[in-house]
Amino acid sequence: MRVTLFGASGLLGHDLVPELSGEHDQLTALSVEDADLRDHAGVRDVIRDSRPEWILLLAAYTDVDGCESKRDLAFAVNCEGAVNVARAAQEAGSRLMFISTDYVFDGAKRSPYQVNDARCPTSVYGESKARAEEQLLNILPEVCIARTSWLFGHGGKCFPATILKLASTRPEVSVVNDQRGSPTYTPDLASALVKLCRANAQGVVHVTNSGNCTWYDFATEIVRRSGLPAIVKPVTTAEFPRPARRPAYSVLSPDSLHAYNIPMPDWQDALRRYLASAPTASGSIVP
Ligand SMILES: NC(=O)c1ccc[n+]([C@@H]2O[C@H](COP(=O)([O-])OP(=O)(O)OC[C@H]3O[C@@H](n4cnc5c(N)ncnc54)[C@H](OP(=O)(O)O)[C@@H]3O)[C@@H](O)[C@H]2O)c1
C-alpha cells in the first residue's frame, strides 16, 4: 500500500510507522513540521505529492484538559484540520482513515457502545472529534473512522508509565475507580488498523484491546505485575476534579471489528507485553 500518515511522532505513530515500513508498503510519515493540519494548502500539497492510496490521520491536539481552555485550537486542529485532510483526500482520490475516540460518548450507558450510538461528548476534546466525524462522513462517505480508547505504549507519555513512576517513588498512589473503559496497547492497535486498510474498511469501527476495567483496576494490575510495593487506593472522580469531564463508562463494542475477522488480545495480555519491554525506574527490564 502507498500510505501517507499524519501524526508520525505521536504515541500511536511510534508503532504505526514500523507496521508500514515493510518492503510491500510505501510510507510517507509526516510530523507537524512537515505539514500542519491547519494549513490547508500545505496539507493538499503533501497529499498531492505522495499520491497515497490510504491516508492515516492520527495527528490531533490530544491534551484533553488543555482543550477545555484552548477550544479554538482544539477545533482548528481536530475538526477543521481533519476537514482539510478530507478535502485533499477527495481531490487526490485517496481513502482516509480517521482515528477517533471513546470520548465522543457521554458515558451514560452501562453496556458497550455500538458504532451507531448517538455521539454525545461532554468535553471540548470529545466535541471536536465528534464534529470532525460528522463532517468527514459528509465529505467522504467512504471514510473509515476508527474509534479507540485509553492508549498506552512506548511512543510517549501514557498511564502505565506514569503509574510505574509514581509507584516507585511513593508508598501510595490514588487512582479513580469510577471511570470504566478498555486500555489499548499501541502495537496491537497499529496492527489492527493496517489490517482494516488492507480489508478496505469503511464506516465507523471500534478498535480496542478486549476486556475492560477502571483506571484503578488498571493501576492495580500494573503495580502487581511490576512487583512494586506501593499501595493503590481507589478514589472517585469527584475527589479529583479535572478541567474536562470524562465519561464514566466508555467501553466500545468489538462487534464492528469482528465483522472484519480481526481479533484483539485482552488488555491484561497487552499490559504483560508492555511491561516486558518497559525500562523500570532503575533501568532494568520488568519481567
Ligand atoms: N491517547 C489516547 O489515549 C487516545 C484515545 C483515543 C483516541 N486517541 C486518538 O488517537 C490518535 C493518536 O493519539 P496519540 O495518543 O498518538 O496522540 P499524540 O501522542 O498526542 O500525538 C499526536 C500527534 O499529532 C501531531 N500534531 C499535533 N498538532 C498537530 C497539527 N496542528 N498538525 C499536524 N500534526 C499535529 C503531534 O505532533 P507533535 O508531537 O510534533 O506535537 C503528534 O505527532 C489521535 O487522533 C487521538 O485523538 C488517542
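What to note about this one:
Quick grid of which residues meet (1) open to solvent by less than 40 Å² (accessible area, probe 1.4 Å); (2) in contact with a Phe, Trp or Tyr (Cβ under 8 Å, 6 or more places away or on another chain); (3) within 12 Å of the ligand (Cβ to nearest atom); (4) at pLDDT 95 or above:
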position	(1), (2), (3), (4)
Tyr113	yes, yes, no, yes
Arg119	no, yes, no, yes
Leu137	no, no, no, yes
Val143	yes, yes, no, yes
Thr148	yes, no, yes, yes
Gly153	yes, yes, yes, yes
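- Within the range 19-37, the set of residues being open to solvent by 50 Å² or more (accessible area, probe 1.4 Å), within 20 Å of the chain's Cα centre (by Cα) and of a type in the set (D, E, K, R) comprises just one member, Glu19.
- Every residue from the range 217-252 that is of a type in the set (Ser, Thr, Tyr) and touching a strand residue (DSSP E or B) at 6+ places or on another chain (Cβ under 6 Å): Thr220, Thr237, Tyr249, Ser250
- Restricting attention to the range 3-28, the residues that are without any contact (Cβ under 8 Å) to a residue 40 or more places away in the chain, over 18 Å from His154 (Cα atoms) and within 10 Å of the ligand (Cβ to nearest atom) total 0.
- Taking (1) of a type in the set (Ser, Thr, Tyr); (2) touching a residue at least 60 places away in the same chain (Cβ under 8 Å); (3) open to solvent by less than 60 Å² (accessible area, probe 1.4 Å) in turn, Thr62 satisfies each apart from (3).
- Any helices (runs of 4 or more DSSP H) falling wholly within the range 119-233 and containing at least 1 residues that are over 16 Å from Asp269 (Cβ atoms) and among the aromatic types (Phe, Trp, Tyr): 124-139, 159-167, 215-226
- Cβ pairs under 6 Å, 6+ apart, first in the range 141-152 and free of Cβ contacts under 8 Å to residues at least 40 places away in the same chain, second open to solvent by less than 10 Å² (accessible area, probe 1.4 Å) and not in a strand (DSSP E or B): none
- For the range 38-59, a residue qualifies if it is under 30 Å from Arg242 (Cα atoms) and open to solvent by less than 30 Å² (accessible area, probe 1.4 Å), and the qualifying residues are Leu57, Leu58, Ala59.
- Boolean, Arg95 is surrounded by fewer than 18 Cβ atoms within 10 Å (Cβ to Cβ) and either at pLDDT 95 or above or over 19 Å from Thr148 (Cβ atoms) (or both): no
- Selected residue (criterion: most open to solvent (accessible area, probe 1.4 Å)) from residues of the range 155-196 that are within 14 Å of the ligand (Cβ to nearest atom) and among the β-branched types (Val, Ile, Thr): Thr162
- Remark: pairs (first residue in the range 158-178, farther than 11 Å from Ala219 by Cβ; second residue of a type in the set (A, V, I, L, M) and open to solvent by 60 Å² or more (accessible area, probe 1.4 Å); Cβ separation under 6 Å; 6+ apart in sequence or on different chains) = Ser168/Ala281; Glu172/Ile231.
- Some residue of the range 219-237 being touching a Ser or Thr at 6+ places or on another chain (Cβ under 8 Å), within 26 Å of Gly10 (Cβ to Cβ) and either among the aromatic types (Phe, Trp, Tyr) or open to solvent by 50 Å² or more (accessible area, probe 1.4 Å) (or both): no
The values are calculated or read from the model by the stated rules, or taken from the named source; none is laboratory data. Since the model is a prediction, treat every value here as computed from it, not as a measurement. Heads up, the Cβs are rebuilt from the backbone with ideal geometry, glycines too, and the neighbour counts pull from every protein chain shown. Side chains are part of the model used for accessible areas, which takes the heavy atoms of the whole protein and leaves out ligands, DNA and RNA. Shrake-Rupley method; radii C 1.70, N 1.55, O 1.52, S 1.80 Å.
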